1. Could you count how many residues in region 58-83 are within 24 Å of Glu227 (Cα to Cα), part of a helix (DSSP H, G or I) and either of a type in the set (A, V, I, L, M, F, W, C) or within 16 Å of the chain's Cα centre (by Cα) (or both)?
2. Tally the residues that are part of a helix (DSSP H, G or I), open to solvent by less than 40 Å² (accessible area, probe 1.4 Å) and not acidic (Asp, Glu), restricting the search to region 258-296.
3. For region 46-87, which residues satisfy the criterion of being within 21 Å of Ala284 (Cβ to Cβ) and not β-branched (Val, Ile, Thr)?
4. Step by step: first the residues of region 97-138, then only those that are assigned to a loop (DSSP other than H, G, I, E, B) and open to solvent by less than 20 Å² (accessible area, probe 1.4 Å), then the one that is modelled with the lowest pLDDT. Which residue is that?
5. Could you identify the single residue in His165, His150 that is out of contact with any Lys or Arg (no Cβ under 6 Å at 6 or more places or on another chain) and touching a residue at least 60 places away in the same chain (Cβ under 8 Å)?
6. Which one of these is hydroxyl-bearing (Ser, Thr, Tyr) and in contact with a Ser or Thr (Cβ under 9 Å, 6 or more places away or on another chain): Ser199, Ser155, Ser169?
7. Can you tell me how many residues in region 201-257 are small (Gly, Ala, Ser), assigned to a helix (DSSP H, G or I) and either within 12 Å of the ligand (Cβ to nearest atom) or under 24 Å from Val186 (Cα atoms) (or both)?
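The values are calculated or read from the model by the stated rules, or taken from the named source; none is laboratory data. Only a predicted model underlies this, so the values are computations on that prediction, with no experimental measurement involved. In this analysis, Cβ positions are derived from the backbone assuming ideal geometry, glycine residues included, and neighbour counts consider all displayed protein chains. Accessible surface areas use protein heavy atoms only, side chains included; no ligands, DNA or RNA. Shrake-Rupley method; radii C 1.70, N 1.55, O 1.52, S 1.80 Å.
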Amino acid sequence: MTWAPVLDARAYGTWTLGDRTVNRLGLGAMRLTGTAAFDLGARRDRETSIAVLRRAVELGVNHVDTAAFYFSPWLSSNQLIHAALAPYDDDLTIVTKVGPSRDPSGDWMTWAAPEQLRGQVEQNLRELGRDHLDVVNYRHSGPKRALVDHVGALSDLARDGLIRHVGVSNVTLQQVRDAQTVTQIVCVQNRYAVGYRASGANEVLDHCAEQGIAFVPFFAIAGQGKEGRPAAEQATQDAVNEVAEAHGASPAQVRLAWSLAQGPHVLAIPGTGDPAHLEDNVAAASLRLTPEEVARLDTLD
Ligand SMILES: NC(=O)c1ccc[n+]([C@@H]2O[C@H](COP(=O)([O-])OP(=O)(O)OC[C@H]3O[C@@H](n4cnc5c(N)ncnc54)[C@H](OP(=O)(O)O)[C@@H]3O)[C@@H](O)[C@H]2O)c1
């Protein structure tokens, strides 16, 4: 059953985000600014991060996830993307997110009110050097607050031509449904990993499948490590390691292959600033787990 990796992000097929077609294996830009964007002590080398972005595109990645609030004292994800990839290929889809913001020292500021989202969109446009954004996610702050006014504000910006498509992030099933009453939602970005699925996570995944909405898990590799290094309960790690050994794959590749096996509408955005990890992650697009392996990893919540 040993697997012959193919270094090509196209290997697990495509999905559409509105009128944009993307390869299902993409890249998360949060880690380009430091080991974790929010760990101000960690430092990344600008040239390496630029090389990672260019290599990703060379390997077929055409879906990059970013945000203006992904920055360290030394680097900004959006500005790295601009430096590495502009002038942008028509095939490249850059997805960004608004809602949260950080002050120059990196501390979180108050969540944006609906009328402040235009300023956040304009900031992304300036940093990325674009006149429109392909997809903008409204990153919600929690399950108990309403989000329709924020989604409505993004819908207005789409009407004005600043945004092509709208998505939502960190949301419950009801919130996805609410957002859909306001405008077309092309993607949902929620936390979802082997060994970590919040209650209601599968209902959101299934609803997205039914509605033709992309489901884009974050922390798919980091799992319980969140913004830090990958971490997992021992039982989860042992199961992932066993499946990895059976294929001659890495644990990260197994985690990504498991995510992609959850449905054709699932897109992977593994985050890395490490050139070797990038290649490891891209190769995961050619790894197929058996139904038994997927079922075994499914039980680990
Ligand atoms: N909507 C939201 O609220 C939200 C929240 C968080 C993140 N995101 C987005 O989702 C993306 C993915 O999340 P993430 O970057 O936090 O986590 P992730 O993709 O789950 O994992 C990243 C972590 O795993 C390491 N890693 C990556 N590839 C590896 C490999 N092949 N082998 C071993 N370790 C590997 C990274 O370190 P190295 O850099 O050293 O490789 C980093 O520590 C982010 O980049 C961001 O774009 C969205």
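1. The qualifying residues number 4.
2. Qualifying residue count, region 258-296: 11.
3. Ser49, Ala51, Leu53, Arg54, Arg55, Ala56, Glu58, Leu59, Gly60, Asn62, His63, Asp65
4. Going through the qualifying residues, I end up with Gly106.
5. Matching residue, one of His165, His150: His165.
6. Exactly one of Ser199, Ser155, Ser169 is hydroxyl-bearing (Ser, Thr, Tyr) and in contact with a Ser or Thr (Cβ under 9 Å, 6 or more places away or on another chain), namely Ser155.
7. 5
For (1) open to solvent by 70 Å² or more (accessible area, probe 1.4 Å); (2) without any contact (Cβ under 8 Å) to a residue 60 or more places away in the chain; (3) within 14 Å of the chain's Cα centre (by Cα), each residue gets a yes or a no:
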residue	(1), (2), (3)
Leu27	no, no, yes
Arg46	yes, yes, no
Arg55	yes, no, no
Ala86	no, yes, no
